[in-house]
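Scroll down for the structure; my scribbles are underneath it.
The values are calculated or read from the model by the stated rules, or taken from the named source; none is laboratory data. Everything quoted here is computed from the prediction, not taken from an experiment. Using ideal geometry, Cβ is built from the backbone for each residue, glycine included, and neighbour counts are taken over all protein chains shown. With ligands, DNA and RNA removed, areas are computed over all heavy atoms of the protein, side chains included. Shrake-Rupley method; radii C 1.70, N 1.55, O 1.52, S 1.80 Å.
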Amino acid sequence: MKIEKLPSGSYRIRQMYKGTRYTVTVEHKPTPKEAAILMAEKLQEFEVSSGKASMTFGRALDEYIQSKINILSPATIRGYRQLKNMYSKQFLLNNIYDLRPADIQLEVNLYASAHSAKSVKNFHGLISAFLKLYRPNMVIATTLPKRASQEAKIPTHEDVLRVLNELKGTEYSVAIQLACLGLRRSEIVALDIKDLDGNKLTINKAKVVDANNKLVTKSTKTVSSTRAIYIPDSLADEIRQKGYIYKGYPNSILRALHRTQDKLGVPKCKLHELRHFYVSYAHSMGMSDADIIASIGHKTDGIMKRVYRHAMNEEKEQIRIANSILQ
C-alpha cells in the first residue's frame, strides 16, 4: 500500500488487490493505520458490489485450493483438501468478511484438543495463507500450542543390518537399502533403472499421491534434492539383476519394514528415521558435513552453497559409508 501526495495537496492511498489497483483520496495526510482502515473499507465495498461479500469460508477455500492446482505439488493440494474436511461445519459456513481473529482462535482450540502441535500448525497455516488473499488487511494473532521437542528414533546399526538381512531377496530389499542411504520414500518409488549408471544413481524426480489418490511423478522436493549418489557394487548389481528398483505402492515399503521389525523384535521406526540413521552413522564414520548434506539433498541454500565449494571426493566417501552400512 502506497500513500502519495498529489499536486492539489490531497493524499492518495493506492493498493493492488486481486490484480486490480484501488485508490482512496483524502484531504489530509493519513497515518498508516488510518490508510489501512480506509483501504479496507474500499475493498469491502468492492466485495459487496461484486456479490462476493456473502461467500462462505468453505466456498472461498475451495476456490483458493483450485487456484493453486497448477502451482503447488499434487501432495500439497491433497493435503489442503484433507485439511478442509477437518474444519467444523460451523466454521466453514462463516462469511469470510465477518470472520474475526477470535473465531479462528476458537476453531484452532477445538482442533488442538485432539491433534499434535505440528498438525495444528498446518491446520492454522492454511487459514492464514487463505486469508492473505481474501482478507489482506486482517491481522491474525492466533496462539498455537508449542511443539514438544522430540528426539528422532534412530535405529542402531545392528538392527538395520538384521532388517536388511531378513529382507534379502524380497521386493523391498532395494527400497529399504536406499532408505538407509538417505533417500526419501517419494524419491525411491520414482527411480528407474535408467537412473543407474555404474555406481552412480541420479535422483531427479519423486512420486507422490495426488488429490485423486493417484500416484503422479513430479520434480524433487527442492532444487537441492536433485542430485547423484554413489552406491556399492552389491546394491547396483542387485538392481540390475531385478531390472527395476521398486514397482509397488509407497506405503507398502513402510508396512514391510514394520512387519520385519516386529518379526525380529526390534524397535519400529519410520522410513524417514532411516534417513536420520544415515546422517548419524555417516557423521560417526568421519564423513564431512558437506558430503553428508550433498548426499541427502539438503534444502538449505546457504549450506548447499558451501557444499558445492567444499564437497571433495564425494564418490569415494559415499561408497565407503554405504558399504559400511549395508554390509
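Highest GNM mean-square fluctuation among A236, A206, A102, for the chain modelled with Cα contacts below 10 Å: A102.
Placing +1 on the Cβ of every Lys and Arg and -1 on the Cβ of every Asp and Glu, with no other charges, gives the chain a dipole of roughly 640 debye about its Cα centre. Looking at segment 108-207, the GluC sites (Glu not before Pro) that sit in a DSSP loop and have at most 12 other Cβ atoms within 10 Å of their own Cβ are E151.
Sorted from greatest to least, the principal axis extents spanned by the alpha carbons of segment 128-241 come out as 60, 32, 27 Å. Per-atom-type breakdown for segment 162-276 gives carbon and sulfur 46% of the accessible area (1.4 Å probe, protein chains only).
Have a look at T31, T76, T202 and tell me which one the Gaussian network model of the chain (Cα, springs below 10 Å) gives the largest fluctuation. Fluctuation is largest for T31.
Quick one: of K42/K84; K118/K247; K2/K42; K207/K247, which pairs are farther than 21 Å apart, Cα to Cα?
Values: K42/K84 30 Å; K118/K247 31 Å; K2/K42 15 Å; K207/K247 12 Å.
Check vs 21 Å cut-off fails for K42/K84; K118/K247.
If you wrap the tightest convex hull around every Cα atom of segment 97-176 and split its volume per residue, you get 163 Å³. Candidate cross-link partners of K153 among the aspartates and glutamates, defined by an alpha-carbon separation under 17 Å and a same-chain spacing of 8 or more, comprise D262, E273. Measuring nothing but how far apart in sequence close Cα pairs (under 8 Å, 6+ apart) lie, relative to its length, the chain scores a relative contact order of 15 percent. Here Cα extents along the principal axes in Å was computed from the coordinates, and among (i) 54, 51, 40; (ii) 80, 43, 41; (iii) 79, 45, 35 the match is (iii).
So how strong a dipole does segment 175-223 carry about its Cα centre when Lys and Arg Cβ are +1 and Asp and Glu Cβ are -1, to the nearest 20 debye?
Using only the charged Cβ atoms, the result is roughly 140 debye.
Along the axis of the charge dipole computed for segment 206-294 (Cβ charges of +1 for Lys and Arg, -1 for Asp and Glu, origin at the Cα centre), the listed residues G248, Q261, S284 are led at the positive end by G248. Ranking S234, T25, T56 by Cα position along the charge dipole of the chain, where only Lys, Arg, Asp and Glu carry charges on their C-beta atoms, puts T25 farthest toward the positive end. Could you state the angle between the C-alpha long axis of helix 314-326 and the longest principal axis of the C-alpha atoms of the chain, as a value from 0 to 90 degrees rounded to the nearest 10? That works out to roughly 70 degrees. For segment 162-178, putting each phi into the Karplus relation 6.51 cos²θ - 1.76 cosθ + 1.60 with θ = phi - 60° gives couplings of 4, 5, 5, 5, 5, 8, 4, x, 9, 4, 9, 4, 5, 4, 5, 4, 5 Hz, in residue order, rounded to whole numbers and with x for Gly and Pro. Taking the chain as a Gaussian network of alpha-carbon nodes connected by springs under 10 Å, the highest mean-square fluctuation of the residues V189, V174, V120 belongs to V120. Principal-axis analysis of the Cα atoms of the chain puts helix 250-264 at an angle of about 50° to the longest axis.
Can you figure out the FRET efficiency of L106 with T23, using R₀ = 35 Å and their beta-carbon distance, to the nearest 0.05? All intermediate terms of the calculation are to be shown ahead of the outcome.
Working: r = 36 Å, r/R0 = 1.03.
Efficiency at R0 = 35 Å is approximately 0.45.
In this structure the amide hydrogen of Y17, modeled in the peptide plane, comes within under 5 Å of the amide hydrogens of Y22, none closer than 5 places in sequence on its chain.
Express the accessible area of the chain per residue in Å², computed with a 1.4 Å probe while the remaining protein chains stay in the model.
Values: 18190 Å² over 327 residues.
Dividing the accessible area of the chain by its residue count gives 56 Å².
Which chymotrypsin sites (Phe, Trp or Tyr not before Pro) in segment 78-141 pass both tests, a DSSP loop state and at most 13 other beta-carbon atoms within 10 Å?
Numbers: sites: Y80, Y87, F91, Y97, Y111, F123, F130, Y134; in loops: Y87, Y97.
Sparse-neighbourhood loop chymotrypsin sites (Phe, Trp or Tyr not before Pro): none present.
Distance from the Cα centre of segment 178-214 to that of segment 62-120, in angstrom? Cα centroid to Cα centroid, the span is 31 Å.
Sparse packing (at most 11 other Cβ atoms within 10 Å of the Cβ) combined with a DSSP loop state is found for the following trypsin sites (Lys or Arg not before Pro) in segment 234-291: K247.
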